[in-house]
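Visitor: Here it is, the structure, as structure tokens.
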Amino acid sequence: MSQIVLHLAMALTAAVLYGVAWFFNYWAFIGLQEIPGVNWVFLPAGIRLLCTLLFGFWGAVGLWAASFLIATQFVYPEQFVYGLVVSVLAALSPYLIYLSARHQFGLLPSLHNLSPQKLLLLCGAFGLLNAIFHHSWYWLSATNSISLKSFVAMTTGDVLGAIIVLYVLKMGLVFLPRPQTSVQ
């Protein structure tokens, strides 16, 4: 029973963090939106990568749930299937980067072996993969006006958002006191 509660808590934490970040980003950077769902600065991308790095599959589940609600209720309210697919892609791309990091870098659950260079690489790979996934869907569905500019905007926005969120968090951890180790 405790595993179920832990998994639900991870999914709920990811969903809430993503939802708050999405609405903050919408409010703060509305002028930097290229087309609906594509921003030149997208801080929630950092939350998506963070939540999958911290919570794995259950983080992706929470991200999907929040993305689904946002996509179907706010961004594409008249296009249920479109919003459903976009929300799956929004959760899938950071999860695939997480799985890749576990395989390629031997990423540990504590993330202590995630160097700044590896983190930067993950941010770039995530931003590019997410833009490829979304723009492939935009092209296949022919319901969103896409261009090279919107692809570059999404890639840039996701990479910048991920770098800003993750590096601010990483720098903030420097100021936390280190745990005391007992010497015996």
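Visitor: What list of ³J(HN,Hα) couplings, whole Hz, do you get for the range 7-22 from phi and the Karplus terms 6.51, -1.76, 1.60, once you set θ to phi - 60° and write x for glycine and proline?
Guide: Karplus-based 3J(HN,Hα) across the range 7-22 equals 5, 5, 5, 5, 5, 5, 4, 4, 5, 5, 4, 5, x, 4, 5, 5 Hz.
Visitor: Let me ask another. Identify which of ASN25, ASN39, ASN130 has the largest mean-square fluctuation in a Gaussian network model of the chain, with springs joining Cα atoms closer than 10 Å.
Guide: ASN25
Visitor: Right, something else. Sort 57-63, 32-38 by packing, meaning the average of other beta carbons within 10 Å per residue, with the highest value first. Working shown, then result.
Guide: Values: 57-63: 23.9, 32-38: 17.9.
Order by mean packing, descending: 57-63, 32-38.
Visitor: If you line up the long axis of helix 80-105 against the longest principal axis of the chain, both from Cα atoms, how many degrees apart are they, to the nearest 10?
Guide: 30 degrees
Visitor: Would you kindly compute the Cα radius of gyration of the range 2-173 and its largest Cα-Cα separation (Dmax), both in Å?
Guide: 15.2, 47
Visitor: Multiply the residue gap between TYR26 and PHE80 by 0.36 nm, knock off their C-alpha separation, and tell me the result in nm, one decimal place.
Guide: Values: separation 54, 0.36 × 54 = 19.44 nm, distance 2.06 nm.
Full extension from TYR26 to PHE80 adds 17.4 nm.
Visitor: Give me the distance in nm between label points sitting 7 Å out from Cα along the Cα-to-Cβ direction at ALA9 and SER110, one decimal.
Guide: Inter-label distance under the simple model: 2.0 nm.
Values quoted throughout were computed directly from the atomic coordinates according to the rules given, and no laboratory measurement underlies them. Everything numeric in this text was worked out from a predicted model, so none of it was measured. Note: ideal-geometry Cβ built from the backbone for every residue, glycine included; neighbour counts use all protein chains shown.
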